[in-house]
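These notes are about the structure you will find just below.
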Amino acid sequence: RNKVAIVTGAAQGIGKGIARALGREGAVVGLWDIADHVHDTAEELKDSGSKACSYTVNVSDIDQVDEAVHQMSDRFEKIDILVNNAGVALFSPFVEMTIEDRNRVFNVNFNGMWNCTRAVMPGMLIRRYGKIVNISSVTGPRVATPGLTAYSATKGAISAFTRALALEVAGCGITVNAILPGFIDTPLTKPMADDFQMDQRAFSEWLG
């Protein structure tokens, strides 16, 4: 209650669910997303009684990240919680994946998490309080899926980053944890039905 939280990739899917849960528990939630409908999602939360605001942010752009953190810090005087949820998944056989696609996956999934964490950490260190939650995946750290080499690499890197940073700031009142979900039926995963050669109904039932 009365904590100030940032959730990246919050316009839909897992991020929207996380933002809704934090708002329901009394946090002030800043919803970040590259998609403009993040503002509609924030309005939904406010209509349900939550305290929410929204920012159009590309997490792979460090200048945009720094500016959004600056705006939120000025408005609310602190940031207590960061949930690094923004991510992309591109199916492609390894030899067919372009350098541009590889870079996009790394820039959003890993560099985006790094940028956001780096932006909020100084304030958390000053206040000696902070909660950082990184959304990794079972794909990479635990299991593998053909066609997801870049995605798997970024999620494995997120888990390794989480362990290292958690040890580094453990004595500063800051916790750093990762959540490793499996496939969940969200707008991000729906396009994967074609990759698994399933229709949407069968794919949704499989995910369930």
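Before moving on, here are some points about what is shown:
- Test for Ile62: is it open to solvent by 20 Å² or more (accessible area, probe 1.4 Å), within 22 Å of Asn107 (Cβ to Cβ) and touching a residue at least 40 places away in the same chain (Cβ under 8 Å): yes
- Count of the range 1-53 residues which are in a helix (DSSP H, G or I) and at positive phi: 1
- Contacts under 6 angstrom Cβ, first residue in the range 168-180 being farther than 13 Å from Val83 by Cβ, partner open to solvent by less than 60 Å² (accessible area, probe 1.4 Å) and of a type in the set (Gly, Ala, Ser), 6 or more apart: Ile174/Gly130; Leu180/Ser136; Leu180/Ser137
The values are calculated or read from the model by the stated rules, or taken from the named source; none is laboratory data. Bear in mind the structure is a predicted one, so any value in this text is a computation, not a measurement. Positions of Cβ are backbone-derived with ideal geometry, glycine not excepted, and every protein chain shown enters the neighbour counts. With ligands, DNA and RNA removed, areas are computed over all heavy atoms of the protein, side chains included. Shrake-Rupley method; radii C 1.70, N 1.55, O 1.52, S 1.80 Å.
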